[in-house]
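What follows is a single structure, written as C-alpha cells, with notes after it.
Computed from the coordinates by the stated procedures, all read-outs in this text should not be read as laboratory data. Not measured: the values here are computed from a predicted model. Please note: Cβ atoms are built from the backbone with ideal geometry, for glycine as well, and neighbour counts cover all protein chains shown.
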Amino acid sequence: MKERNWFLIVYLLPLMLVPSVLAQVNPVYQRMIQNGWKYPFENGFRKPTPPELDSESCKTMGYTDSTVANLKEMGVDLLERWKIRPWDEKMWTALSDCIVIGTVSKIEHPSWPIPWYHTVAYVQVEEFLRNDYGLPKAQVAVLEVSGPTGRPGERVTRIGEDTLNIGEHVLLFLSGSGLITTAALNSQQNLYNYLINDSNVWFEMLARYDIQSDQLLSKREKQILSLSQMRNEIGRVLSVIHRTVPVDK
C-alpha cells in the first residue's frame with residue numbers, strides 16, 4: 001500500500017505542477033507562438049538574412065500578407081526595412097507592440113541572473129497609444145543595456161542607445177516581442193529563457209520623443225513634431241493594422 005501511494009505521489013506531482021508552470025509563460029511569448037514564431041536556430045544554426053528577419057518579424061507581429069501590402073501602400077515597407085534608414089514614426093508604430101505617453105518614475109540597476117541588461121527604467125503611463133497586451137495603466141518596464149555592472153566603478157555604455165532619466169516626459173515606441181527576438185538572435189539563451197518564462201512584460205525601447213508642451217523632440221532624428229500630428233500618424237498606421245484603433249484612454 002505504501003509503495004502504491006509513493007507511486008501515485010511521484011506520478012501525479014509533475015501533472016500537478018504543469019498548470020502553475022504554464023501560467024508563468026510570458027504573455028508576449030504566448031502571442032508570438034500563436035502568430036507562428038520559431039526560435040531562429042531551431043532548424044539549424046544558420047543565421048537568418050535581413051530579408052528573412054523582416055519576413056519573420058511580420059509573422060511574429062501577426063501581420064497578414066494583406067496587412068503588409070496595405071502598409072506598404074502608405075509608405076511603410078516592412079519587408080525591406082533593412083534597406084531604409086532612418087525609420088520614421090509610421091515605421092516605429094508598425095514595429096511596436098506598445099506605445100506610451102508617460103513620465104519616467106524610477107530607475108533601477110538590479111542584479112540580473114544574466115549579464116546583458118543593466119538598467120530598468122519604469123515609466124508611469126498616462127496614455128496608451130498602442131497596447132497589444134491589454135496592460136493596465138500603470139508602470140511599464142523598459143530594459144537598457146547601458147548602466148553599472150555591479151562591479152565597483154565599472155559601467156557599460158552601449159553606443160547609440162537612448163536612455164531614460166527620472167522625471168522625463170516622453171512618448172515611447174516599445175517592443176516586447178522585439179526584446180525576445182533580440183535575445184534569440186544574439187544567442188543569449190539564458191536571457192531568452194528568462195524572458196519567455198517570466199510572467200512580467202518587459203520592453204526594449206525602439207524610439208523616444210521628448211514631450212515639451214505640445215511638441216515632440218526626437219534627439220536621434222533631430223526632428224520636431226506636434227503631439228497631435230504624431231497621434232494622427234500613429235492612428236493611420238493602426239487603422240490599417242487593426243481596422244479600428246485600439247487605444248486605451
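Quick notes
- Relative intensity, log₁₀ I(q)/I(0), of the range 135-198 from a Debye sum that treats every alpha carbon as a point, q = 0.12, 0.14, 0.17, 0.27 Å⁻¹: -0.42, -0.57, -0.84, -1.30
- Aspartates and glutamates whose Cα lies under 15 Å from that of Lys72, excluding same-chain neighbours fewer than 8 positions away: Asp54, Glu80, Asp88, Glu89, Glu233
- The ellipsoid that matches the Cα gyration tensor of the range 116-166 has semi-axes, each √(5λ) in whole angstrom, of 27, 11, 9, with the longest given first.
- Set Lys38/Lys106; Lys90/Lys137; Lys137/Lys219 screened for pairs whose C-alpha atoms are more than 32 Å apart: Lys38/Lys106
- Separation in nanometres of the label points that stand 7 Å from Cα toward Cβ, at Ile33 and His169: 4.2
- Fraction in percent of alpha-carbon pairs per bin - 10 Å, the range 33-242: 8, 33, 38, 20, 2, 0
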